[in-house]
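J.: Please find one structure pasted underneath; my questions will follow.
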Amino acid sequence: VQEISTIGQLRHQLNQTQAAGQSIGFVPTMGALHAGHMSLIERARNENDCVVVSIFVNPLQFGKNEDLNKYPRLIENDRELTERAGVDFLFVPSVDEMYPGRTEDNTGILTTISVSKLTRTMEGALRPGHFDGVATVVGKLFSIVGPCRAYFGEKDWQQLGVIRRMVNDLSMPVDVVGCETVRETDGLALSSRNVYLHPEARASAVRLSQALFGSRDLISQGERSVATITDYIVTAITTHNVVVNYADIVNADFVSLIDVEPGARICVSASVWGTNLIDNVGLPL
Ligand code: PAF
């Protein structure tokens, strides 16, 4: 793996890749790579000639009281994992490289991307400004990497939808590939934030996926009321130091449904001993 820290250098390398007619698979990450990321990288490796992974803890997508400063940074380990996975280029820019002129409160960043409507509910409502930060950094990374296939996990279901919409609306030359969530054997969705969970919190965290699978069973038994199902989810997850932020069943625009529809998505966020975790499952079409 060749590590690159400047935009100019990555562009230079990828221009050559493109000129040689090679396809590029791109996996944007914030590092602290786990088996979920590795499954994206593996897929990118299988489907493209050249694989680029970026690691950038994007300050623009963290709220004031969120975990930007304590977000896990494990670059040595990430380097080794990407090397072993046969990644060609590891892009690790500094904050200054990505956002020249940024100030501590981010007001020095004058140009941002904002996807409206889709970002009003769920994570967008819970974390104001979060998706502007995600869209801006992903748009910027796409502009740096150029035409590519880009791989994202379905765990961040709303993020995936927002990025697809941005790519469509702004005619970006990127093929967005959504990949299934990777889970621990007990069902817990893999997340870089799982490192925050001490054993008692870890034991409670599994409630999210259990509640989602349980709610899908209720639906397959004939339950149709979203209110009834989300009440079930909240009850199944809530316990000592675990608070549900939202539980919802939404359509393709992330708008709450009254009655369950085929293809809807059941989404949940909970604070587990102070760590915000999200998860979701789909319903058959
Ligand atoms: O999902 C993530 O890790 C981040 O939101 C992303 C897409 C890398 C943008 O910073």
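The values are calculated or read from the model by the stated rules, or taken from the named source; none is laboratory data. Since this is a predicted model, take the numbers as computed values, not measurements. Virtual Cβ from ideal backbone geometry, glycine too; neighbours counted across all protein chains shown.
J.: Out of all the residues in region 42-82, which are touching a strand residue (DSSP E or B) at 6+ places or on another chain (Cβ under 9 Å), within 19 Å of S191 (Cα to Cα) and among the β-branched types (V, I, T)?
T.: V53, I55, I75, T82
J.: Being crowded, with 18+ Cβ neighbours inside 10 Å and touching a strand residue (DSSP E or B) at 6+ places or on another chain (Cβ under 8 Å) is the filter here; which residues of region 220-236 pass it?
T.: V226, I229, T230, I233
J.: Among the residues of region 188-203, what is the count of those that are farther than 15 Å from V242 by Cβ and in contact with a Gly (Cβ under 9 Å, 6 or more places away or on another chain)?
T.: 4
J.: For the subset of region 51-78 comprising residues that are in contact with a Gly (Cβ under 8 Å, 6 or more places away or on another chain) and among the charged types (D, E, K, R), which member is farthest from D132 (Cα to Cα)?
T.: D78
J.: Quick one: would you say K140 is more than 21 Å from V255 (Cα to Cα), of a type in the set (K, R) and out of contact with any strand residue (DSSP E or B) (no Cβ under 8 Å at 6 or more places or on another chain)? Outline the logic, then answer.
T.: Values: more than 21 Å from V255 (Cα to Cα): yes; of a type in the set (K, R): yes; out of contact with any strand residue (DSSP E or B) (no Cβ under 8 Å at 6 or more places or on another chain): yes.
Criteria met by K140.
J.: Within region 92-110, does at least one residue satisfy the condition of being in contact with a strand residue (DSSP E or B) (Cβ under 6 Å, 6 or more places away or on another chain) and within 16 Å of I55 (Cβ to Cβ)?
T.: The answer is yes, given that some residue of region 92-110 is in contact with a strand residue (DSSP E or B) (Cβ under 6 Å, 6 or more places away or on another chain) and within 16 Å of I55 (Cβ to Cβ).
J.: Let me ask something else. Please give the number of the condition S269 fails out of (1) in contact (Cβ under 8 Å) with a residue 40 or more places away in the chain; (2) of a type outside the set (A, V, I, L, M); (3) closer than 15 Å to L188 by Cα; (4) surrounded by fewer than 19 Cβ atoms within 10 Å (Cβ to Cβ).
T.: Unmet for S269, out of (1) in contact (Cβ under 8 Å) with a residue 40 or more places away in the chain; (2) of a type outside the set (A, V, I, L, M); (3) closer than 15 Å to L188 by Cα; (4) surrounded by fewer than 19 Cβ atoms within 10 Å (Cβ to Cβ): (4).
J.: A follow-up question, please. Checking the conditions here, which among R84, R73, R79 is over 21 Å from G178 (Cα atoms) and within 15 Å of the ligand (Cβ to nearest atom)? Outline the logic, then answer.
T.: On the way: R84 fails: within 15 Å of the ligand (Cβ to nearest atom); R79 fails: within 15 Å of the ligand (Cβ to nearest atom).
Answer to the selection: R73.
J.: Here's something else I'd like to know. I'd like to verify a number: residues in region 179-221 that are of a type in the set (K, R) and either farther than 29 Å from R164 by Cβ or in contact with a helix residue (DSSP H, G or I) (Cβ under 8 Å, 6 or more places away or on another chain) (or both), how many?
T.: 3
Condition check ((1) free of Cβ contacts under 8 Å to residues at least 12 places away in the same chain; (2) away from the ligand (no atom under 13 Å from the Cβ); (3) in contact with a Leu (Cβ under 6 Å, 6 or more places away or on another chain)) across all residues:
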{"residue": "K155", "(1), (2), (3)": "no, no, no"}
{"residue": "L160", "(1), (2), (3)": "no, no, no"}
{"residue": "R164", "(1), (2), (3)": "no, no, no"}
{"residue": "S171", "(1), (2), (3)": "yes, yes, no"}
{"residue": "D175", "(1), (2), (3)": "no, yes, no"}
{"residue": "G178", "(1), (2), (3)": "no, no, yes"}
{"residue": "R183", "(1), (2), (3)": "no, yes, no"}
{"residue": "D186", "(1), (2), (3)": "no, yes, no"}
{"residue": "S191", "(1), (2), (3)": "no, no, no"}
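So that you can scan it fast, the table gives a plain yes or no per residue for (1) touching a Pro at 6+ places or on another chain (Cβ under 9 Å); (2) surrounded by fewer than 18 Cβ atoms within 10 Å (Cβ to Cβ):
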site	(1), (2)
A32	yes, no
H37	no, no
E42	no, yes
N46	no, yes
F56	yes, no
L60	no, no
Y71	no, no
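J.: Among the residues of region 181-199, are any over 22 Å from P59 (Cα atoms), of a type in the set (K, R) and surrounded by 18 or more Cβ atoms within 10 Å (Cβ to Cβ)?
T.: No, region 181-199 has no match at all.
J.: Which numbered condition in (1) touching a residue at least 40 places away in the same chain (Cβ under 8 Å); (2) more than 14 Å from the ligand (Cβ to nearest atom); (3) of a type in the set (A, V, I, L, M, F, W, C) is the only one that V115 fails?
T.: Only one criterion is unmet by V115, namely (2).
J.: A follow-up question, please. So, in region 38-69, exactly how many residues are touching a residue at least 24 places away in the same chain (Cβ under 8 Å), within 16 Å of the ligand (Cβ to nearest atom) and not small (G, A, S)?
T.: Here is the first cut: in region 38-69, the residues touching a residue at least 24 places away in the same chain (Cβ under 8 Å) are 38-45, 47-63, 66-67.
Okay, now just the ones that are also within 16 Å of the ligand (Cβ to nearest atom), so 38-41, 43-44, 51-63, 66-67.
From the residues that got through so far, the ones that are not small (G, A, S) too are 38, 40-41, 43, 51-53, 55-62, 66-67.
Counting residues in region 38-69 that are touching a residue at least 24 places away in the same chain (Cβ under 8 Å), within 16 Å of the ligand (Cβ to nearest atom) and not small (G, A, S) gives 17.
J.: Just to be sure, is V206 surrounded by 15 or more Cβ atoms within 10 Å (Cβ to Cβ), among the hydrophobic types (A, V, I, L, M, F, W, C), in a helix (DSSP H, G or I) and at pLDDT 95 or above?
T.: So V206 passes the test.
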